[in-house]
Amino acid sequence: MARTLSNMLALGTIAPDFTLPNVVNGKQASLTALKGERGTLVMFICNHCPYVLHVNSVLIDLATYYQPKGISFIAISANDAKAYPEDGPVAMKLRAEELNYPFPYLYDESQEVAKAYVAACTPDFFLFDENLALVYRGQLDNSRPGNGIPATGTDLAHAIDCLLNNNENVEVQKPSMGCNIKWKEGG
């Protein structure tokens, strides 16, 4: 597990558009169709990363709390499924169903969407406003596997609250940390 920091995409960047397969229902899902009325969180996650496993329950809780408030949550896995079959569509569907993900779980087989977002690790979070302009990118909170700090989602929740309340987020946005995205050879 290579500990990798997220790239800090420039605030104000417009969310790159995409259409990807939803592994749960087999249908194509686009950013345009999935975007939230008040904001959209795009998360790069995967099945096997211990950093994602550490925060899965918090992601579910945050989505359950904020989706009714107009914030859409979208999970994307871009890992090379040939090298990491546990991150492929079949295993992704099983994980989403096992954990009852309240958000779509999309597969970026070409890895083009991850590259467009300059995603680097799992988990990697990108929060966009209602116009799909980036307002937050960074960590969920200070918790990491084994550091003794409970996962709460405080940093991300604060950013979402600022967005919902039309307040500027003046907190320092710290990079997320996790396993590197498993890029395809030559990718």
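The values are calculated or read from the model by the stated rules, or taken from the named source; none is laboratory data. Predicted, not measured: the structure shown is a model, and the values here were computed from it. Cβ placement follows ideal geometry from the backbone for every residue including glycine, while neighbour counts extend to all protein chains displayed.
Checking the condition among the basic types (Lys, Arg) and free of Cβ contacts under 8 Å to residues at least 24 places away in the same chain, which residue from LYS27, LYS69, LYS82 passes?
It is LYS27.
Quick one: would you say SER57 is small (Gly, Ala, Ser), under 30 Å from GLY146 (Cα atoms) and at pLDDT 95 or above?
For SER57, the condition - small (Gly, Ala, Ser), under 30 Å from GLY146 (Cα atoms) and at pLDDT 95 or above - is met.
With closer than 21 Å to GLY39 by Cβ and modelled with pLDDT under 95 as the only criterion, which of VAL118, VAL172 stands out?
The unique qualifying residue is VAL172.
Check whether at least one residue in region 117-127 is touching a residue at least 24 places away in the same chain (Cβ under 8 Å) and over 14 Å from the mean Cα position of the chain (by Cα), and report yes or no.
no
Can you tell me which residue within region 19-36, out of those that are among the polar types (S, T, N, Q) and under 17 Å from the mean Cα position of the chain (by Cα), is farthest from LEU94 (Cα to Cα)?
Among residues in region 19-36 that are among the polar types (S, T, N, Q) and under 17 Å from the mean Cα position of the chain (by Cα), the one farthest from LEU94 (Cα to Cα) is THR32.
When only residues in region 5-48 that are at pLDDT 95 or above and in contact with a Gly (Cβ under 8 Å, 6 or more places away or on another chain) count, which is farthest from MET177 (Cα to Cα)?
Step by step, filter region 5-48, then rank; the result is GLU37.
When you check ALA157 against the structure, is it touching a helix residue (DSSP H, G or I) at 6+ places or on another chain (Cβ under 9 Å), under 18 Å from GLY36 (Cα atoms) and assigned to a helix (DSSP H, G or I), yes or no?
Judged against the criteria, ALA157 is a match.
Quick check on region 52-103: of everything there that is out of contact with any Leu (no Cβ under 9 Å at 6 or more places or on another chain) and among the aromatic types (Phe, Trp, Tyr), which residue is surrounded by the fewest Cβ atoms within 10 Å (Cβ to Cβ)?
Residue satisfying both the conditions and the ranking: TYR65.
For the list (1) touching a helix residue (DSSP H, G or I) at 6+ places or on another chain (Cβ under 8 Å); (2) without any contact (Cβ under 8 Å) to a residue 60 or more places away in the chain, I need the number of the one condition that PHE44 fails.
(2)
Among the residues of region 70-86, how many are of a type in the set (Asp, Glu) and in contact with a Lys or Arg (Cβ under 7 Å, 6 or more places away or on another chain)?
Number of matching residues: 1.
When ALA63 is evaluated against the numbered criteria (1) small (Gly, Ala, Ser); (2) touching a helix residue (DSSP H, G or I) at 6+ places or on another chain (Cβ under 9 Å); (3) closer than 16 Å to LEU140 by Cβ, which criterion, by number, is the only one it fails?
(2)
Residues in region 160-187 that are part of a loop (DSSP other than H, G, I, E, B) and farther than 17 Å from GLN139 by Cβ: how many?
Total satisfying the criteria: 10.
Can you name the residue in region 115-167 that is crowded, with 16+ Cβ neighbours inside 10 Å and among the acidic types (Asp, Glu) and, of all such residues, is farthest from SER72 (Cα to Cα)?
Step by step, filter region 115-167, then rank; the result is ASP141.
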